[in-house]
Each structure stands twice: as C-alpha cells, then as structure tokens.
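Below: the structure, in structure tokens.
The values are calculated or read from the model by the stated rules, or taken from the named source; none is laboratory data. Note that the coordinates shown come from a computational prediction; the quantities given were computed from them, not determined experimentally. Virtual Cβ from ideal backbone geometry, glycine too; neighbours counted across all protein chains shown. SASA here: full protein model, heavy atoms, side chains in, ligands and nucleic acids out. Shrake-Rupley method; radii C 1.70, N 1.55, O 1.52, S 1.80 Å.
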Amino acid sequence: MSAAGAPTARGGGFVAVALAFTWRGLLRMWRIPSIAMPMIVMPVFFVVAFSGSFASVVQIAGYGTDEAVNWMAAWAILQGSAISGMGAAGVAATDLENGFFDRIRLAPIRPSTVMVGLLGYSLARALLPITVVLVVSFLLLGADLPGGPLGLATIYVAGLGLAAVMSLLGLAVVFTFRSLQALGLVQILIFGMLFLSVGQAPLVAIEGWLHDVAAVNPVTRVIRLCRQGFLGEVTWAVTWPGLVALAAMLAVVGPLAVWRFHRVA
C-alpha cells in the first residue's frame, strides 16, 4: 500500500490497474463508434475492392494462388491491425492535450502500468478487424485456408504482433510531439511500411527501388507469416522470419516508447 492507502501497481494491483486503462480505452471506443470505423471499414474495403478489381493479377507467377482474395486478405488484415495499434496513441494524445495525463502522473502507480494498459487496448482493438476481415473473406469472397488451424493461428499472431509494434511506435511519436496532430505522422509511417512491402504483389513482380525496399522491409516477413495459411501449409521456414521481424521491431520501438514516456512523465 502507498502512504495514501491506495494500492501500488504490484502483483495483482499492477494487473488491475493495467486492465483498467485497457477497459477505459474500450469504453471510449464504445461511446464514440467513429473511432473504430477506420480500422474496420478500410481493410474490408481493400479486401473487397482489390479481390474483385485485380482478380486476374494472380495469374502472374509468384502469387501462389488462383484466388486474389487469398493474397489480399492477409494484407487487409494487417492494415486493420496496424490502424488498431494507433488506438493507444490516440488515447495518450487526448490525455496529454486535455490535461488528464498530469493526473495520471500523480497517481500512485508505476509508469509501466500505463504503458501495458495502453498496449492492451490496442491489442484488444486489433481482434475486431482481424476477425471481421476473416469473416468477410471466407463467407462473402470465398477465401481458402489450406493452412488449417495453424494458418489461423499465424494470422492472429501476425495481426496482434503488428498491432503491438504500431502501438508502441505511435506512443513514441505522440510522447515526442505531445499532440493529436502527431497521429498524422503515425499514419504516414504505418502506410509507408505497409505499401512498401509485398502486400499487393510478390517480390518477384516488384521492380526497381521498390523491390529493394520491400526486400529489407520487416513488414514483408510479417505479411508472409500472415499469408502462408491462405496459400498452403504453414512452414517453419516462413514462420520464423516473421516472428524474428516482429521481435526485432518490438525491440526497437518498445524501448523508444518507454524512453519518450519517461521524458513526459
């Protein structure tokens, strides 16, 4: 207990406070539905539009499937996950601008509790677009999942992993600029990483500098991790590079977000 009699963020207190921050974000999303619309509408639009308009593109060598939806679904899922990751940054930026963050700093809790709670909010948000895009892809667009349960597991691992990366990246940016306007920069970073990858086309079909960027872009490996279940069986050769890419990105943006948080708090 603290001197004021309030529980410190240790043991069960840590979990309880972190969950409270997560729940607070979810309540905010429930009360303001427009917050959730972009992370659902945009990926659904992309998977429907690209699967229809570019249905014949999969005839080019390198796609590994006869159905465009099997290629595009993973990209749309990760788009929704990445946008979901911005949720934590949105909450933090709002709290910074309206002064509530100052009250958080005075609370008898560890700063790490706030970070974990915000990250939990982004991960909870990410479950929604992942699931919605999967339902639309399977029930309306006729997607296949030859990878079975393992393929489904890699989809959620990749989606939640990328949401965590973008959540921490967004927090680092917001804690640096301390403004809601910083979310525009976060969006540019997110879409830049997604579009400069193998989201729309296989690496063999990309030419010039775009090929070189996509080859080294860690998101490329995450997309392959997510997509493999749609194209065939899940293999360790495709899985481990995606997991390493996620771990590497988390190892960079995690400490950066914590450092910028302490600069504010």
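Angle, helix 182-195 long axis vs. longest principal axis of the chain, Cα atoms, 0 to 90°, nearest 10? Value to nearest ten degrees: 20.
Out of the total accessible area of the stretch 20-76 (probe 1.4 Å, heavy atoms of protein only), what percent is carbon and sulfur? That share works out to 70 percent. With the helix formula -39500 (n - 2.57) applied to DSSP H stretches of n ≥ 4, the chain reaches a computed 222 nm mean residue ellipticity of -25500 deg cm²/dmol.
Quick check on the stretch 1-135: what does the Kirkwood estimate of hydrodynamic radius come out to from the alpha carbon pairs, in Å? Provide the component values of the computation, followed by the final result.
Numbers: mean 1/r = 0.0590 Å⁻¹.
So the Kirkwood estimate lands at 16.9 Å.
Here the Gaussian network model covers the chain, with springs between Cα atoms less than 10 Å apart; of 183, 150, 225, 150 fluctuates the most.
One entry in [x] 1.26; [y] 1.06; [z] 0.97 is Cα Rg over 2.2 N^0.38 Å calculated from the shown coordinates; its label is [y].
To the nearest 10, the accessible area of residue 42 is 70 Å² with a 1.4 Å probe. Rounded to the nearest 20, the size of the Cβ-charge dipole of the stretch 73-219 about its Cα centre is 480 debye, with Lys and Arg at +1 and Asp and Glu at -1. Could you identify which residue out of 178, 221, 125 has the top mean-square fluctuation in a GNM of the chain using Cα springs shorter than 10 Å? Taking springs between Cα atoms under 10 Å, the residue moving most is 178.
Building the convex hull from the alpha-carbon atoms of the stretch 80-135 and averaging its projection over directions returns 3.9 nm².
Element breakdown for the stretch 99-195 at a 1.4 angstrom probe: carbon and sulfur atoms account for 72% of the accessible area. Evaluated with a Cβ-only charge set (Lys, Arg +1; Asp, Glu -1), the chain carries a dipole of roughly 1100 debye about its Cα centre, given to the nearest 20. Distance between Cα centroids, the stretch 93-128 to the stretch 211-265: provide it in whole Å. Centre-to-centre distance over Cα atoms comes out at 24 Å. Placing unit charges on the Cβ atoms of the charged side chains and taking the dipole of the stretch 83-149 about its Cα centre, the candidate lying farthest along the positive direction among 96, 140, 83 is 96. With 0.36 nm allotted per residue and the present C-alpha distance subtracted, the residue 152-residue 60 stretch has 30.5 nm of extension available. What the Cα convex hull of the stretch 155-226 gives, in volume per residue, is 87 Å³.
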